[in-house]
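**Q** I'd like to ask you about the structure that follows.
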Amino acid sequence: MSGKAILVGVDGSKESLQAVEWAADRASRTGSELTIVCAYALPSFTAASLDGGYAALDDETIKASAQAVVDEAAQAAKRDGLTVNTVLEPGDPAGVLIDLSEDYQMVVVGTRGGGGFADRLLGTVSSALPAHASCPVVVVPRHHSGPAFTPAKRIVVGVDGSSAASPSLRYAVKEAKAWGAELTVVSAVPLATSSSTMGWFPASVDRDAVIEDTRQRLTELVQNVQDRDGVTIRRHALDGNAAALLTEFSTAVDLVVVGSRGKGGFAGLLLGSTSQAVLGHSQCPVMVVPTRSRDEGDAVAPKWDR
């Protein structure tokens, strides 16, 4: 499968179909192919075996149900000129998506309440997919009201002003070009937060000067990308908690882009606190850019920026 294709996971729910709508529109805008995958489990025994008996498993029935799910999703994904492929894979949804992510530019999933496929991704294994996927992961939240799909016309990306922020910023620029969107880069300076890494600053420190210094570093970081890609980027250095600021922005924009702080080993299994908080509370789709994310034609990205 071409690395330019987009992968979307489905489970037959309304929420996963909303993710399909988002992924299909994104793919059609860039001439990418779309692959729809449904992961299904084949139980090793049935309840009858608990009584010492044995009941043959109807694997074909289970596969047929999964096929019906991807067929419905393929209908929802139909766009002029868009190539849609469907895949059935036995196994755990997160594991399946992680494995397949090596061959795709992006993985898209939905989220909902009440259990099920997407809740597993954002529940007990919420860190697994973004932390181990080989490409960015987009999580599309449940739409309780309003249109089921909103094009990404306003995008915000959170960075920390360091060179390590470049993977998230690079992908945010790429998304802005794909959607024809406005891009705003936000760098949080949590000076007023007691738990902040800057909490040791004495009261005599000129906080305006600190924010201005952050703004200057942010300007340099943005300038490098802007000059290369020709995208106009707004930028803001704001006093506040990064997760809170990005969550607030999510009520007014159509896509939030974040990275995470995975550093390999045990820490690499976990999303950073900012990513976790934004995923749990965002009102719009969230793209998490992982450590091993590879831009088309680029080398492996450095460590996550947050």
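One line per residue, one yes/no per condition, for (1) open to solvent by 70 Å² or more (accessible area, probe 1.4 Å); (2) among the small types (G, A, S); (3) modelled with pLDDT of 85 or more; (4) under 17 Å from S166 (Cα atoms):
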| residue | (1), (2), (3), (4) |
| --- | --- |
| S204 | yes, yes, no, no |
| D208 | yes, no, no, no |
| I211 | no, no, no, no |
| R215 | yes, no, no, yes |
| G230 | no, yes, no, yes |
| K263 | yes, no, no, yes |
| Q276 | yes, no, no, no |
| V289 | no, no, yes, yes |
| D295 | no, no, no, yes |
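**Q** Being crowded, with 20+ Cβ neighbours inside 10 Å, assigned by the TED database to the domain that holds D25 and either at pLDDT 85 or above or in contact with a strand residue (DSSP E or B) (Cβ under 8 Å, 6 or more places away or on another chain) (or both) is true for just one of S101, S127, S187. Which residue is that? Reasoning before the result, please.
**A** Details: S127 fails: either at pLDDT 85 or above or in contact with a strand residue (DSSP E or B) (Cβ under 8 Å, 6 or more places away or on another chain) (or both); S187 fails: assigned by the TED database to the domain that holds D25.
Matching residue, one of S101, S127, S187: S101.
**Q** Report, by residue number, each residue of segment 139-179 that is in a loop (DSSP other than H, G, I, E, B) and modelled with pLDDT of 90 or more. Please lay out each step first, then the result.
**A** Keep residues of segment 139-179 that are in a loop (DSSP other than H, G, I, E, B), which gives 141-153, 160-162.
Residues satisfying the conditions are P151, A152, K153.
**Q** Report yes if T247 is modelled with pLDDT of 65 or more, among the polar types (S, T, N, Q) and over 24 Å from L129 (Cβ atoms), otherwise no.
**A** Numbers: modelled with pLDDT of 65 or more: yes; among the polar types (S, T, N, Q): yes; over 24 Å from L129 (Cβ atoms): no.
The answer is no for T247.
The values are calculated or read from the model by the stated rules, or taken from the named source; none is laboratory data. Just so it is clear, the structure is predicted and the values come from calculations on it, not from any experiment. Positions of Cβ are backbone-derived with ideal geometry, glycine not excepted, and every protein chain shown enters the neighbour counts. Each accessible area value is taken on the protein alone, full model and side chains, heavy atoms only, with ligands, DNA and RNA left out. Shrake-Rupley method; radii C 1.70, N 1.55, O 1.52, S 1.80 Å.
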